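Report on the structure given below.
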Amino acid sequence: MSRLLVRLALAAVLLAAAGREASAFVLIGVEWPARSAGYRVNANFPDAARAGTAAEQLEIIQCAAKAWRDQTRARFEFLYQGTTTKTTFNENDGVNIVAWSNADGGDALAATLIAGIGNVATSFDILFFNKTNTVTNNWSGPGEPASGEFDIAGVAVHELGHALGLDHTP
């Protein structure tokens with residue numbers, strides 16, 4: 001798991017450094033008033049040989065969430081609140097989730113839906129998609145992703161940045 005922590009640290013540092021110097025992100029315009037947000041995980045990625053066991057998937061996503069607290073200057077913390085069976089977006093259910101979905105994400109590997117009232121963030125859901133433009137996404141959990149695989153940890157750090165309130169530059 002040390003390789004994972006190094007990758008997460010590097011990704012978080014690069015995101016933080018790029019944001020300061022190169023404006024690699026813009027703010028969505030909502031903030032979490034308590035500087036934290038709870039989340040639940042559905043560790044349901046298929047193909048345990050590639051994506052890892054449910055326990056490994058859970059650990060990978062928790063490490064990605066902790067990277068925002070431990071490896072950046074963000075004064076924010078994602079708080080793990082247990083597991084869920086949810087696999088769809090629902091900004092009105094009061095449950096912030098991270099899950100794999102059997103859906104086709106169109107152009108996206110994963111997506112984050114963040115909701116708020118005014119400039120106050122109230123919920124988020126993150127889904128990793130089974131397919132992108134009808135092509136199956138091969139999700140990689142523990143270890144280094146092979147050619148043609150997508151790293152759950154790296155994508156989770158990225159999507160959690162959206163849940164934090166960051167967006168891509170125009």
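Taken per residue, the accessible surface of the chain reaches 51 Å², heavy atoms only and a 1.4 Å probe. To check you understand DSSP bridge types, tell me what percent of the beta bridges within the range 22-170 (both residues inside) are antiparallel, rounded to 5. Around 40 percent of the beta bridges assigned by DSSP in the range 22-170 are antiparallel ones.
Straightening the chain between LYS131 and ALA55 buys 25.1 nm, computed as 0.36 nm per residue apart minus the Cα-Cα spacing.
At 0.36 nm per residue, and after removing the present C-alpha to C-alpha distance, how many nm does the segment from ARG73 to THR85 gain when stretched out fully? This chain segment gains 1.1 nm when fully extended. Taking all protein chains together and rolling a 1.4 Å probe, LYS131 ends up with roughly 70 Å² accessible. Applying 0.36 nm per residue to the separation of SER147 and ALA108 and subtracting their alpha-carbon distance, the gain on full extension is 12.2 nm.
To put it simply, the accessible area of the chain at a 1.4 Å probe is 53 percent carbon and sulfur. With the Cα gyration tensor of the chain giving a ≥ b ≥ c as the square roots of its eigenvalues, does the rule (a/c under 1.5 for rounded; else a/b larger than b/c for prolate; else oblate) give rounded, prolate or oblate? Rounded, because the longest to shortest axis ratio a/c is under 1.5.
The values are calculated or read from the model by the stated rules, or taken from the named source; none is laboratory data. Nothing here was measured: the structure is a model prediction, and the numbers come from that model. Heavy atoms of the whole protein, side chains included, go into the accessibility calculation; ligands, DNA and RNA do not. Shrake-Rupley method; radii C 1.70, N 1.55, O 1.52, S 1.80 Å.
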